[in-house]
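Okay, structure first, notes after.
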Ligand SMILES: [Zn+2]
Ligand SMILES: [Zn+2]
């Protein structure tokens, strides 16, 4: 737990490195607007009844889905592939792996996700990713802590998948870092938002097949200078919002292992579940 003290101190201090404009070359001028927006939302929360995270219908408690959305969204659970966490239709034994993991074993140990990424969950995720609905991070972090309880118990360090700083500028926050920070608060596992870096801006992965995605992110990540020795032997839990083909987390896991991490697991809010034939 070489990073315990320093990272623990980061946990409650507003937007940290890699999470918002403060991390990208002195763009602190955006901070007041952000704070005001937050303040306004806090006031609204007092005046308005809590809303469903997905459809904004009234709910009893903030940070919940209404009963209808709860039914529509697919929460993933066992039986799962022991490797990538792909859901199985029937139980094949606790160590069973899907065909894709057998043919091309991932560098990471296990990947787990809360939700199936599909028509029902897309709006929920995209609102958080692009739509400034950052208040959802609280609820999502709680869901991820439950879905990834086993991974969190074994983790020494939480590391979010980084955005390239240009994308961070246009989006203003890294949604994966918000999730990692929330998980750090819940679990007490330290997190290191600046440990992984995007070395180059990668074109959007949308529309690319699995092979193209692997090529797209190859060599795109690096461990921040001087951080390698602190990583030695640690079990890292990599945090991202959506796992699509797994190419991004695979590239990150390779990079962390090459830098000395003892192991890497992956926890995401959602994952795409493709037919096996598309994933090979
Ligand atoms: Zn709803
Ligand atoms: Zn698998």
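Brief remarks on what is shown
- Residue list for the range 220-261, filter: more than 20 Å from the chain's Cα centre (by Cα) and assigned to a loop (DSSP other than H, G, I, E, B): 225, 226, 227, 232, 233, 259, 260
- Just one residue in the set 109, 142, 83 is closer than 18 Å to residue 266 by Cα and surrounded by 19 or more Cβ atoms within 10 Å (Cβ to Cβ); that residue is 83.
- Unique match (being closer than 24 Å to residue 275 by Cα, within 16 Å of ligand 1 (Cβ to nearest atom) and either in contact with a helix residue (DSSP H, G or I) (Cβ under 9 Å, 6 or more places away or on another chain) or not in a loop (DSSP other than H, G, I, E, B) (or both)) among 124, 53, 102: 124
- Residues within the range 191-211 that are within 18 Å of the chain's Cα centre (by Cα), within 13 Å of residue 251 (Cβ to Cβ) and modelled with pLDDT of 80 or more, tallied: 3
- Any hit, the range 64-79, residues being in a loop (DSSP other than H, G, I, E, B), away from ligand 2 (no atom under 16 Å from the Cβ) and at pLDDT below 90: no
- Residue under evaluation residue 89, criteria (1) modelled with pLDDT under 90; (2) part of a helix (DSSP H, G or I); (3) more than 15 Å from ligand 1 (Cβ to nearest atom), criterion not met: (2)
- Residue check, residue 133 within 26 Å of residue 194 (Cα to Cα), within 16 Å of ligand 1 (Cβ to nearest atom) and either surrounded by fewer than 19 Cβ atoms within 10 Å (Cβ to Cβ) or without any contact (Cβ under 8 Å) to a residue 60 or more places away in the chain (or both): yes
- Selection count where residues are more than 13 Å from the chain's Cα centre (by Cα), farther than 20 Å from residue 59 by Cβ and not in a helix (DSSP H, G or I), scope the range 127-153: 2
- Matching residues in the range 146-194 - criterion: being over 13 Å from residue 267 (Cβ atoms) and touching a strand residue (DSSP E or B) at 6+ places or on another chain (Cβ under 7 Å): 156, 162, 163, 164, 174, 175, 177, 181, 190, 192, 193
The values are calculated or read from the model by the stated rules, or taken from the named source; none is laboratory data. Small disclaimer: the values here were computed from a predicted structure and weren't measured. A quick note on method: Cβ atoms are made from the backbone with ideal geometry, for glycine too, and the neighbour counts reach across all protein chains shown.
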